[in-house]
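This report refers to the structure that appears directly beneath it.
The values are calculated or read from the model by the stated rules, or taken from the named source; none is laboratory data. What you see is a predicted model; the values in this text were computed from it and never measured. Note: ideal-geometry Cβ built from the backbone for every residue, glycine included; neighbour counts use all protein chains shown.
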Amino acid sequence: MGKKLTQASSNKAKIVIYVIIRTALVLLICLAGVRGIHGLKEWFSSLRGILIFCVLFMLGLVWSLYPLIHLRDFLIFYENGICINGKKYFFTEIGKVGFCDYQTGIITHQMMQTDLRNFDVTYVERPKRAYNEAYFNQ
């Protein structure tokens, strides 16, 4: 792979912000669905209501905590390739590298596009800047 040029690790602040936003949305939707705190009495008056509420809340909680799996994301740029989350790719394999941003609601996602496949680098801190530093500002 050659000499290590630079690396980009996960953006912990961004991950925490996304988890907070998602958790707030789940809590807001759950409270709206049960019609406020007083509506919880109706939902918890039967076993069926308790089960439905718990299943929906757990699904929402899993969705809201999803960004935490990206705490270990990293990119390492070498002279002849890139290491993405522990997998090494030579430039002969991946071809041309480009970056693309797209927005879903209030959240912006970033993809590193290659000829091999597209890599989600949303939770990596400034991947495009690290790439440019490694290969264009030597």
Query raised in the report: Within segment 35-48, can one find any residue that is of a type in the set (A, V, I, L, M, F, W, C) and closer than 25 Å to Lys12 by Cα?
Result: no
Query - Top-ranked residue of segment 106-138 - restricted to ones that are crowded, with 20+ Cβ neighbours inside 10 Å and in contact with a Phe, Trp or Tyr (Cβ under 6 Å, 6 or more places away or on another chain), ranked as nearest to Ile21 (Cα to Cα) - result: Met112
Query - Residue satisfying condition, being closer than 21 Å to Gln7 by Cβ, hydrophobic (A, V, I, L, M, F, W, C), exposed (fewer than 11 other Cβ atoms within 10 Å of the Cβ) and modelled with pLDDT of 85 or more, within set Ile69, Ile82, Ile76 - result: Ile69
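When you look at Arg35, is it at pLDDT 85 or above and among the charged types (D, E, K, R), yes or no? Don't jump to the end; show me each part of the working.
Working: at pLDDT 85 or above: no; among the charged types (D, E, K, R): yes.
No: the conditions fail for Arg35.
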